[in-house]
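First the structure, in the form of structure tokens, and then the observations on it.
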Amino acid sequence: MAIGLDSRDSSRPGALGAALNRDGVARAYGRWAPVYDLVFGPVFARGRSLAASAAERVGGRVLEVGVGTGLSLPAYAKSRSVFGIDISAPMLEKAEARVKRLGLRNVERLAVMDAERLELPDESFDVVVAQYVVTAVPNPEAALDEFARVLRPGGEIIITSRIGAETGLRKAIEHALAPITSRLGWRTEFPWARYTTWAAAAPGIEIVERRELPPLGHFSLIRMRKTA
């Protein structure tokens, strides 16, 4: 596991390259692991359900990035092969226990892995699902690059994520909270423009849907397709 800050993100507009680092995020979510289901389970239930449904419409083999404690794993069809990764070993221990308890034989593997450096072959998945992950990695565009790399042509990247405010009071509040939330393991400041800018530069990627999610419409379901 790498030590120290990764500053590759520092040149991005609105980036917080020094605010998050790989080990800090792993430690933060290791601390969240015992209470994650209780704190975040109900809040993000709608987003998890919609993301799994969107993945089912695409079909094929699914990579879930940031699988966490495995809350979303029961939502996939039993015939759907799912590979789950997460940066936090304690979170994955919870996911493994859930898989065994529920007999989820369609979960082919759970592995500790960095979203920015996926140890997986090119074009090996039909769907990449990343729920509440993009704003929690040090270099979001690097992670998105990896999602596109491992995705087969015709497949989809399905993201649920918080979208930062562009202007006004909410933007000011998000900026003020950034030093606190970075220690908790995620960003508050992450404008929609970062997704559109990345997609415009990524070969063969098109944004096909953005749908607001609860609570308060601050989160969105985002679907991107890799053209054949």
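The values are calculated or read from the model by the stated rules, or taken from the named source; none is laboratory data. Computed from a predicted model, the values in this text were never measured in an experiment. Ideal geometry is used to build each Cβ from the backbone, glycine not excepted, and the neighbour counts take in all protein chains shown. Heads up: the accessible areas ignore ligands, DNA and RNA and are worked out on the full protein's heavy atoms, side chains in. Shrake-Rupley method; radii C 1.70, N 1.55, O 1.52, S 1.80 Å.
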> Pick from I163, I158, I180: which is in contact with a strand residue (DSSP E or B) (Cβ under 7 Å, 6 or more places away or on another chain) and modelled with pLDDT under 95?
Replying inline: I163
> Are there any pairs, at least 6 apart or on different chains, whose C-beta atoms fall under 7 Å, with the first in segment 68-88 and more than 21 Å from D23 (Cα to Cα) and the second among the aromatic types (F, W, Y) and in a loop (DSSP other than H, G, I, E, B), and if so, which?
Replying inline: V82/Y76
>> Checking the conditions here, which among G84, G47 is open to solvent by less than 20 Å² (accessible area, probe 1.4 Å) and either modelled with pLDDT of 95 or more or at positive phi (or both)?
In response: G84
> Within segment 87-106, is even one residue part of a strand (DSSP E or B), open to solvent by less than 40 Å² (accessible area, probe 1.4 Å), in contact with a strand residue (DSSP E or B) (Cβ under 9 Å, 6 or more places away or on another chain) and closer than 18 Å to A45 by Cα?
Replying inline: no
